[in-house]
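Everything below concerns the one structure shown next.
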There are 2 protein chains.
Amino acid sequence: MVLESTQVFQRNTAARGKVLQAIERQTGHFTAEDLSQQLPGVGRATVYRTLGVLTRSGYLCKVLLGGNTLHYQVSPEEHHHHLVCIECDRIVDVESCEVADYARETALAQGFQLQRHRLEVYGRCPSCQIG
Amino acid sequence: MVLESTQVFQRNTAARGKVLQAIERQTGHFTAEDLSQQLPGVGRATVYRTLGVLTRSGYLCKVLLGGNTLHYQVSPEEHHHHLVCIECDRIVDVESCEVADYARETALAQGFQLQRHRLEVYGRCPSCQIG
DNA sequence: ACATTAATGAGACTGAGTCTCATTACGGCG
DNA sequence: CGCCGTAATGAGACTCAGTCTCATTAATGT
Ligand SMILES: [Mn+2]
Ligand SMILES: [Mn+2]
Ligand SMILES: [Zn+2]
Ligand SMILES: [Zn+2]
């Protein structure tokens, strides 16, 4: 997704520009605090607010790893899913997606305007298996 | 799932019995704090610890609603998914599941022992739609 | 230029979740 | 039984991600 700032924000500000640049610099998942530390000139609240706006707009999506800190990632092209190890929290990205149709139908059936979906598969990774 | 305490805990204690009973009393989703308030005799840390054990064992699973509080629900029979409104956080339970095969194959392909999966579909609910 | 008001940011605040540690009590074994 | 070893407990301190407040700044339309 190429972000059209004008559609997401009501005003184009320097702080949001910096947050946006920092997000583009990330590889993979990141937290609000990650960004905040990389942006000493931008207030913490602004980082959180901007992540909120970008998530609501669909540009970002939340990633739920083990632990209690929310992670984000740029959402669109290369939509993918996660395999999560319930023992060690290892994450494996899964690039295929065969549930898009099902997600669309499910949303439609309840009158929802579909925005996106998340599929996470949990289990034990090879190194954490027991029996 | 009928819980075999002996397989999940190393010792059978009164506190865990009470937590288990309280969980059975819940309908739908609940938080650690919900349980804690219903169990004045049981320490907060014990409630959290027991939820952790039960989740790792697969008896419970986490439910991620809007907001920053983790919810739980008893996982197995009547496995279901969630439609989540990105605007008002309304949740609609979806009872069908057509992604079980895909989840199993995905786990297998990476050598994971499948435990469960979660599918959440995000969009705008009928009352929050714009255009 | 000026007015309107979206956005900012310092910092106080909240509260979910974790950790510590002294104490209790399960359960295996003699 | 009665003893141990140690899993589990629980009060309460602590952490820190996320929210809120509010005075100030600055983007945008006219
Ligand atoms: Mn990923
Ligand atoms: Mn549900
Ligand atoms: Zn693992
Ligand atoms: Zn809604």
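The values are calculated or read from the model by the stated rules, or taken from the named source; none is laboratory data. Remember, predicted model here, so these are calculated numbers, not experimental data. Here the Cβ positions follow ideal geometry from the backbone for every residue, glycine too, while neighbour counts run over all protein chains shown.
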**Request:** Among the residues of segment B:70-112, count how many are more than 10 Å from chain A (Cβ to nearest Cβ), within 16 Å of DNA strand D (Cβ to nearest atom) and within 15 Å of the chain's Cα centre (by Cα).
**Result:** 1
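A:VAL53 - would you say it is of a type in the set (Val, Ile, Thr), in a helix (DSSP H, G or I) and farther than 23 Å from A:TYR122 by Cβ? Before you say what the answer is, go through the steps one by one.
Working: of a type in the set (Val, Ile, Thr): yes; in a helix (DSSP H, G or I): yes; farther than 23 Å from A:TYR122 by Cβ: yes.
Judged against the criteria, A:VAL53 is a match.
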**Prompt:** Is it the case that some residue within segment A:104-117 is over 12 Å from B:PHE112 (Cα atoms) and either in contact with a Pro (Cβ under 6 Å, 6 or more places away or on another chain) or in the same structural domain as A:ASP34 (by TED's automatic domain parsing) (or both)?
**Reply:** yes
**Complete:** The number of residues in segment B:103-123 that are over 19 Å from A:ARG124 (Cβ atoms) and not aliphatic (A, V, I, L, M) is 3
**Asked** Just to be sure, is A:SER75 more than 16 Å from ligand 3 (Cβ to nearest atom), touching a residue at least 60 places away in the same chain (Cβ under 8 Å) and surrounded by 15 or more Cβ atoms within 10 Å (Cβ to Cβ)?
**Response** yes
**Request:** For residues that are at pLDDT 85 or above and more than 21 Å from A:ALA103 (Cα to Cα), tally how many sit in segment A:52-71.
**Result:** 6
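Answer with yes or no whether B:LEU60 is within 13 Å of DNA strand D (Cβ to nearest atom), within 18 Å of A:VAL84 (Cα to Cα) and not basic (Lys, Arg). If you could, list the steps in order and put the result at the bottom.
Numbers: within 13 Å of DNA strand D (Cβ to nearest atom): no; within 18 Å of A:VAL84 (Cα to Cα): yes; not basic (Lys, Arg): yes.
No, not satisfied.
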**Residue tally, condition assigned to a helix (DSSP H, G or I) and either closer than 21 Å to A:ILE91 by Cβ or touching an Asp or Glu at 6+ places or on another chain (Cβ under 9 Å) (or both), over segment A:10-50** = 9
**Message:** Of all residues being within 12 Å of another protein chain (Cβ to nearest Cβ) and part of a loop (DSSP other than H, G, I, E, B) in segment B:56-69, which is nearest to ligand 2 (Cβ to nearest atom)? Just the residue, please.
**Reply:** B:LEU65
**Complete:** Among residues of segment B:111-131 being modelled with pLDDT of 85 or more and exposed (fewer than 15 other Cβ atoms within 10 Å of the Cβ), the residue nearest to ligand 3 (Cβ to nearest atom) is B:GLY111
**Item:** Residue under evaluation B:GLN10, criteria (1) within 12 Å of DNA strand C (Cβ to nearest atom); (2) surrounded by 13 or more Cβ atoms within 10 Å (Cβ to Cβ); (3) away from every other protein chain (no Cβ under 14 Å); (4) under 26 Å from A:CYS85 (Cβ atoms), criterion not met
**Value:** (2)
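Out of segment A:96-131, which residues are in contact (Cβ under 8 Å) with a residue 24 or more places away in the chain and among the basic types (Lys, Arg)?
The first filter runs over segment A:96-131 and keeps only residues in contact (Cβ under 8 Å) with a residue 24 or more places away in the chain, leaving A:115-116, A:118-125, A:127-128.
Within segment A:96-131, A:ARG116, A:ARG118, A:ARG124 meet the criteria.
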